[in-house]
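As structure tokens, the structure follows; a few thoughts come after it.
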């Protein structure tokens with residue numbers, strides 16, 4: 001009897017929330033204008049944002065595959081190897097996970113973590129913290145290239161530095177909280193493997209000619225880029241449309257016409273109540289900018305879909321790019337991936353600790369990026 005009753009209550013609550021939300025928007029915009037704006041915004045995002053992002057993912061996918069095929073990823077892993085222990089308290093081979101998630105997306109770290117040879121280098125609490133470490137670099141290549149495309153090279157690389165700092169904070173906080181709550185995790189995952197060993201996960205040796213390896217790499221990488229581009233479509237169209245509807249106001253003349261990117265500015269109104277926090281910590285002079293990090297919590301691809309609207313409104317400056325890059329990379333949709341990633345590793349009990357550590361780290365990444373950008377521009 002409980003299950004049908006619970007289902008009925010959930011259905012009634014859902015319908016109430018849905019009716020209230022659309023009712024409030026419709027009362028301000030007009031029912032017809034609201035529906036037209038939803039459709040026009042989704043259509044505009046599909047044509048002008050999704051296909052643009054897909055073009056980037058195809059190109060970056062091909063480039064990342066080339067880097068793996070011709071040993072650049074392995075070289076990067078060896079160069080970063082000495083930094084892992086002092087910065088992250090992780091074995092040197094963990095650098096491979098950072099490189100792979102930077103070139104692809106968060107779940108790439110799980111494929112490595114489930115490999116017994118790779119996991120043999122870690123203690124249990126270190127292996128768990130890889131979810132936080134890898135997520136801090138998820139879709140980083142796509143984010144950086146997208147930001148540079150808006151002519152903000154300095155802001156993009158300052159943001160990369162902020163995300164790097166955020167990754168250290170997130171990983172260290174996760175490890176510390178896990179050891180405090182579960183001291184038994186301070187034990188090897190498998191039998192100890194010597195740190196001097198090699199982990200060959202990425203590059204597959206081929207006897208084909210260099211030309212064929214090059215051709216296969218760009219085609220396979222481009223195909224992976226198309227798949228990633230398709231995966232971000234629901235997030236961009238659904239989440240970004242919803243965020244735009246509660247971020248921006250009526251058209252240029254102050255009236256609703258049903259055009260794309262109109263809405264009721266609820267989010268800026270709420271942020272304006274504590275505007276001094278966002279202005280001081282992130283340098284956001286326009287409260288609509290808070291929509292990017294809020295969206296990045298669930299999907300960084302959807303957050304990138306906001307950039308054209310910000311650019312058209314003339315509020316996308318170097319500081320915003322720096323903060324967006326840092327928080328977008330560090331968070332990179334972790335609320336929608338952390339639970340599944342830790343569940344696949346068999347550590348559901350630490351999900352709340354991982355989410356808490358990563359939320360703090362993302363905020364720190366944005367703050368660091370903002371003040372670093374201020375310092376950088378003041379020196380120059």
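Panel values: the stretch 89-131, Kirkwood radius from alpha carbon pairs, Stokes-Einstein at 4 °C and 1.567 mPa s, translational diffusion coefficient 127 µm²/s.
The spread of Cα positions in the stretch 117-174, taken along each principal axis and listed from longest to shortest, comes to 43, 23, 12 Å.
Subtracting the Cα-Cα distance of residue 227 and residue 20 from 0.36 nm times their residue separation leaves 70.9 nm of extension gain. Taking the C-alpha atoms only, the angle from helix 334-345 to the longest principal axis of the chain is near 30 degrees.
Mean separation of Cα pairs under 8 Å and 6 or more residues apart, divided by the residue count, gives the stretch 130-195 a relative contact order of 38 percent. Dividing the summed helix terms, -39500 (n - 2.57) for each DSSP H run of n ≥ 4, by the number of residues in the chain produces a 222 nm estimate of -21500 deg cm²/dmol to the nearest 500. The ranking of 269, 331, 276 from fewest to most other beta carbons within 10 Å of each one's beta carbon is 276, 269, 331. Centre-to-centre, using Cα atoms only, the stretch 91-156 and the stretch 278-317 are separated by 23 Å. Extents of the stretch 328-380, taken as max minus min of Cα coordinates on every principal axis and listed largest first, are 49, 15, 13 Å.
Under a Gaussian network description of the chain, with springs only between Cα atoms under 10 Å, the residue in 79, 307, 112 that fluctuates furthest is 79. Averaging Cα coordinates gives a centre for the stretch 164-184 and one for the stretch 259-276; these two points are 35 Å apart. The C-alpha atoms of the chain define a longest principal axis, and helix 351-379 lies at about 80 degrees to it. In percent, rounded to a whole number, the relative contact order of the chain is 25, using alpha-carbon pairs under 8 Å and six or more apart. Between the alpha-carbon centers of the stretch 25-88 and the stretch 328-380, tell me the distance in whole angstrom. Using only Cα atoms, the two centres lie 17 Å from each other. Its Cα gyration tensor gives the chain an equivalent ellipsoid. The semi-axes, each the square root of 5 times an eigenvalue, are 37, 25, 22 Å from largest down.
Stokes-Einstein diffusion for the stretch 312-353, with the hydrodynamic radius set to the Kirkwood value over Cα pairs and evaluated at 20 °C in a medium of 1.002 mPa s, equals 173 µm²/s. Full extension of the chain between residue 340 and residue 47 yields a length gain of 102.4 nm, computed as 0.36 nm times the residue separation minus the alpha carbon distance.
In the stretch 244-308, the convex hull through the Cα atoms has an average projected area of 4.8 nm², a quarter of its surface area.
For the pair residue 176 and residue 211, the difference between a 0.36 nm per residue extended length and the Cα-Cα distance amounts to 7.8 nm.
Tell me the Kirkwood radius of the stretch 5-100: reciprocal of the mean inverse pair distance over distinct alpha-carbon atoms, in Å.
18.5
Here the peptides 166-173, 356-363, 128-135, 311-318 are ranked by packing, the mean other Cβ count within 10 Å, and the order with the highest first is 128-135, 166-173, 356-363, 311-318.
Short-range pairs are left out: with C-alpha atoms under 8 Å and at least six residues apart, the relative contact order of the stretch 277-334 is 44 percent. Angle check, please: helix 51-69 long axis (alpha carbons) against the longest principal axis of the chain (alpha carbons), in degrees 0 to 90, nearest 10. Long axis of 51-69 versus the principal axis of the chain: about 0 degrees.
A short reminder: the numbers here are calculations on the coordinates, not readings from a lab. It should be emphasised that the depicted structure is a prediction, and the values quoted were computed from it without experimental measurement. Every residue, glycine as well, gets a Cβ built from its backbone with ideal geometry; the counts of neighbours run over all protein chains shown.
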